[in-house]
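The next block holds one structure in the form of structure tokens; read it before the comments.
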Amino acid sequence: SAVISQKPSRDICQRGTSLTIQCQVDSQVTMMFWYRQQPGQSLTLIATANQGSEATYESGFVIDKFPISRPNLTFSTLTVSNMSPEDSSIYLCSAPRVAGVEQFFGPGTRLTVL
Amino acid sequence: GENVEQHPSTLSVQEGDSAVIKCTYSDSASNYFPWYKQELGKRPQLIIDIRSNVGEKKDQRIAVTLNKTAKHFSLHITETQPEDSAVYFCAASKDTGFQKLVFGTGTRLLVSP
């Protein structure tokens, strides 16, 4: 399995500010994924982070709100911009096993916006 | 796009009973179906998966079955134990391209001693 870490593990932020979440994978992977899990809900894909190209966003998510960087094959960041209380969620990154399809998740970042 | 429905939303069983969670998917091109277990405050953990060229897969007390014609797949847990209590998510994806997962809505399983 892939070993995935995220920073920060949790944060409490003020409305209108931005937070950048980091995701590190222990192996080189072509794609990384960012998910949002609202309280008591399922996981919803925000975007696919491709190394060397723009991220691919899912319907309902836009780059201005959730800019993503993917500077190399082991690292990605997700920024939650101009936050509102509705952005309070757990944000998870995931990556597939090298040469496989099984996806593994980071521990998540629990974001609370006041 | 793909849509995955999951039932039931909650399931309570006695220790030792079996539990079955069912999912249906809409995109006939989907061919990879993983199941994740998420304990409170933890990350989703992959517990078993199945590909569309297989009808059933078993790993100790858990098994997954797939009916491609009906586009549904199920998770079976036998001899349930209190530590099986968690939220279980099914998902579907195409085993090519972006490999993005579309998740079901989740099932909260409670196993009472």
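The values are calculated or read from the model by the stated rules, or taken from the named source; none is laboratory data. Fair warning: this is a prediction, and the values are worked out from it, not measured in the lab. So basically every Cβ, Gly included, is an ideal-geometry build from the backbone, and we count neighbours across all protein chains shown. Surface accessibility is based on the protein's heavy atoms, side chains included, excluding ligands, DNA and RNA. Shrake-Rupley method; radii C 1.70, N 1.55, O 1.52, S 1.80 Å.
Quick check for me: using +1 on Lys/Arg Cβ and -1 on Asp/Glu Cβ, what's the dipole size of chain A about its Cα centre, in debye to the nearest 20? Present the calculation step by step, with values, prior to reporting the outcome.
Working: 8 positive and 8 negative charges, 42 e Å.
So the dipole magnitude of chain A works out to roughly 200 debye.
Using a 1.4 Å probe and counting only protein heavy atoms, how much accessible surface gets buried when A and B come together, both sides summed, in Å² to the nearest 100? Show your work: numbers first, answer last.
Numbers: alone 6050 and 6650 Å², together 11000 Å².
In total, this chain pair buries about 1700 Å².
How much of the DSSP bridge set in the protein assembly as shown is antiparallel, in percent, rounded to the nearest 5? Show your work: numbers first, answer last.
Values: 69 of 78 bridges.
Among the beta bridges of the protein assembly as shown, antiparallel pairing accounts for roughly 90 percent.
FRET efficiency for B:R61 and B:S12, Cβ-Cβ distance as r, R0 = 22 Å, nearest 0.05?
Numbers: r = 18 Å, r/R0 = 0.82.
Computed FRET efficiency for B:R61 and B:S12: 0.75.
Loop only by DSSP, 15 or fewer other Cβ within 10 Å of the Cβ. Give me the chymotrypsin sites (Phe, Trp or Tyr not before Pro) in segment B:1-107 that pass, ordered by residue number.
When the chymotrypsin sites (Phe, Trp or Tyr not before Pro) of segment B:1-107 are filtered for loop state and at most 15 Cβ neighbours within 10 Å, B:F98 remain.
Over segment A:1-100, with every protein chain in place, what whole percent of the accessible area is carbon and sulfur at 1.4 Å, could you tell me? Mind dumping the intermediate values first?
Values: 2310 of 4770 Å².
So the carbon and sulfur contribution to the accessible surface is 48 percent.
Evaluate the charge dipole of segment B:18-58 about its Cα centre and quote only its size in Debye, nearest 20, assuming +1 on the Cβ of each Lys and Arg and -1 on the Cβ of each Asp and Glu.
On the way: 7 positive and 4 negative charges, 32 e Å.
Charge dipole, segment B:18-58, about its Cα centre: 160 debye, nearest 20.
For chain B, what % of the accessible area comes from carbon and sulfur atoms, probe 1.4 Å?
Details: 2750 of 5800 Å².
Heavy-atom surface of chain B belonging to carbon and sulfur, 1.4 Å probe: 47 percent.
Under unit Cβ charges (Lys, Arg +1; Asp, Glu -1), what dipole magnitude, rounded to 20 debye, does the protein assembly as shown have relative to its Cα centre? Let's see the in-between values first.
Numbers: 21 positive and 21 negative charges, 48 e Å.
Here the size comes out at about 220 debye.
Check each of the trypsin sites (Lys or Arg not before Pro) in segment A:1-95 and keep only those in coil by DSSP with at most 13 other C-beta atoms within 10 angstrom; list them in order. Intermediate values should be presented prior to the final figure.
Working: sites: A:R10, A:R15, A:R36, A:K65; in loops: A:R15, A:K65.
In loop regions of segment A:1-95 (DSSP not H, G, I, E or B), the sparsely surrounded trypsin sites (Lys or Arg not before Pro) are A:R15.
Students often forget the sequence filter, so: which aspartates and glutamates lie under 13 Å Cα-Cα from B:K37 once same-chain residues fewer than 8 apart are removed?
In chain and number order, the partners are B:D49, B:E83, B:D84.
Just reorder A:V3, B:V102, B:V111 by solvent-accessible area, largest first, 1.4 Å probe, all chains present. Before the final figure, lay out the partial values.
Details: A:V3 90, B:V102 40, B:V111 5 Å².
Of A:V3, B:V102, B:V111, the descending order of accessible area is A:V3, B:V102, B:V111.
Largest first, how would B:R108, B:R43 line up by accessible area (1.4 Å probe)? Don't jump to the answer; show the numbers that get you there.
Details: B:R108 135, B:R43 75 Å².
Reading off the accessible areas and sorting them downward yields B:R108, B:R43.
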